[in-house]
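Written out below as structure tokens is the structure these notes cover.
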Amino acid sequence: MSSIWNRRGFLKTSALTAMTSVLGANIVFARKLPKGVIPVGLSKENLEDILPGKHPDLIILNNKPWNVQVPPHLLDDVTTPGDKMFIRNNGIPPEEVNLENWTLEIDGESVINKKSYSLKELKSKFKQYSYHLTLECGGNGRAGYNPPASGNQWTEGAVSCGKWTGVRLKDVLEDAGIKADAVYIGYHAADSHLSGDENKEPISRGVPMAKALEDESLIAWALNDSDIPPMNGYPLRLVIGGWPASTSGKWLERISIRDKEHDGAKMTGTSYRVPKYPVASGQKVPEEDFKIIESMPVKSLITQPKTGAMLAKGKTLKIRGHAWAGDLEVENVVYSIDFGATWQNCELKAPVNRLAWQQWQAEVSFPQEGYYEVWAKATDSNGTAQPMVIPGWNPKGYLNNSCHRVAVKITDS
Ligand SMILES: Nc1nc2c(c(=O)[nH]1)N[C@H]1C(S)=C(S)[C@@H](COP(=O)(O)O)O[C@H]1N2
Ligand SMILES: [Mo]
């Protein structure tokens, strides 16, 4: 499934048939549907039919481009399966991927020898590594801010931690040769701009050299020992754990070694940036007062129970989930059932490897019947804890790492 659109911009017959059956009606003007536009009537319908390989209970926030989040209880696995991996597209994914012709170029002002590698060369020339890496969209949690920030209204589910396999970015960059004046890398990818303008890239971000040269920064071709799902970057992507997932370029075709901060699409202006100082809700902030988001803040997720759980009085409730802290480790996770008045310790596991999320769990008793909320709060190795409610507002609605809350009702019988 590289695309549901044929080369002439019409829906492929197979996609049209699937949509027709989901809608329970013929799409009369199907031939007039502009390329990339999905009927709105499908937005809440069975996802598997329109995005093969994705779990049907994922939630579509946008279909042009695709932005799909995952309900927290579906993120219960230690290793996120491909069907439960969120989708954050800024443009239109490549329609056809030809593995034989796919190449990765290394260029830029600060490369010593420009290089081009086929997928075969990448796989045979360099040592292969696998890491579990947490990828969270910088805008995850945006829906919690007031005044609302424009953009996809993610709640909790724009995070994943899959097992990625590939080669180290540093091995490839060093094979091409890095000049002493290198400061940043920037990626270029095969997806196209929503406007259809071939000279525009939907997104082209990157990281400083120090992050690029970390052991865990990968050029990956496999997720959980299988091909990367089409919407998550097949056949090749960058995976930069712990940083805004926007730095993990999907459908990767080229990496530039830059002698300055990369200035690709969504690197500049206020994209993926926050004010350098705390601001009041709704405050206007001049562009020069923004800084690029680097390591993501400490955060946790309750994956069991699902919010709205019911339990009979006297029974204990097993709660569990994940916690992560950007480049740092999570030091502890606590939970509260009294809206943060008191906190109890959870059991916390070490990460499978650096930059992987960590599993926590606890067994909870409730004093009497009634409505409760379970709140989880993680603290990182620097001693910084998640804010209980909403952290400082920022104009673009990034980095909401407030405590995840689930509702629990204790019943009489
Ligand atoms: N080529 C390309 N890479 C991309 C994007 C994109 O639109 N195009 N989106 C980025 C953003 S903003 C995020 S949050 C992650 C999402 O990764 P996923 O869709 O595999 O979960 O991919 C990043 N890499
Ligand atoms: Mo993102």
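Observations on the model:
- Degrees separating the helix 13-23 axis from the principal Cα axis of the chain, which is the longest one: 20 degrees
- Cross-link partners of Lys349 among aspartates and glutamates (Cα-Cα below 18 Å; sequence separation of 8 or more within a chain): Asp76, Asp77, Asp327, Glu329, Glu331, Glu363, Asp380
- Gaussian network model of the chain, Cα within-10 Å springs - most flexible of Glu105, Glu294, Glu347: Glu347
- Accessible surface, the chain, averaged per residue in Å² (probe 1.4 Å): 43 Å²
- Within the chain, DSSP assigns beta bridges of which about 90% are antiparallel (rounded to the nearest 5).
- Across the stretch 103-292, Cα-Cα pairs farther apart than 25 Å form 37% of the total.
- Entries of Lys125/Lys266; Lys377/Lys409; Lys35/Lys250 with Cα pairs more than 24 Å apart: Lys125/Lys266
- Volume of the convex hull of the chain (Cα atoms only), normalised per residue: 155 Å³.
- Pairs of Cα atoms nearer than 8 Å and 6+ residues apart set the relative contact order; for the stretch 227-291 it is 21 percent.
- The chain, relative contact order in percent, only Cα pairs under 8 angstrom and at least six apart counted: 16 percent
- Difference of contour (0.36 nm per residue) and Cα-Cα distance, Thr79 to Glu369: 100.9 nm
- GNM result for the chain, Cα springs below 10 Å: residue of Tyr335, Tyr187, Tyr117 fluctuating most strongly: Tyr117
- Neighbourhood charge, 11 Å Cβ-Cβ cut-off, centred on Lys299 and excluding it, Lys, Arg +1 and Asp, Glu -1: -2
- In Å, descending, principal axis extents of the Cα set of the stretch 304-413: 46, 35, 22
- Using a Förster distance of 25 Å, the FRET efficiency for Gln344-Met310 (Cβ separation, nearest 0.05): 0.70
- Highest mean packing comes first when the peptides 348-356, 284-292, 242-250 are listed by Cβ atoms within 10 Å, giving 242-250, 348-356, 284-292.
- Here the chain exposes an accessible surface that is 49 percent carbon and sulfur, computed with a 1.4 Å probe and the other protein chains kept in place.
- Pair Asn332, Glu288: separation of 7 Å Cα→Cβ label points (nm): 4.5 nm
The values are calculated or read from the model by the stated rules, or taken from the named source; none is laboratory data. Please read all numbers here as calculations on a predicted model, not as lab measurements. Reconstructed Cβ throughout: ideal geometry from the backbone, glycine too, with neighbour counts over all protein chains shown. Ligands, DNA and RNA are excluded from the accessible area calculation, which covers all protein heavy atoms including side chains. Shrake-Rupley method; radii C 1.70, N 1.55, O 1.52, S 1.80 Å.
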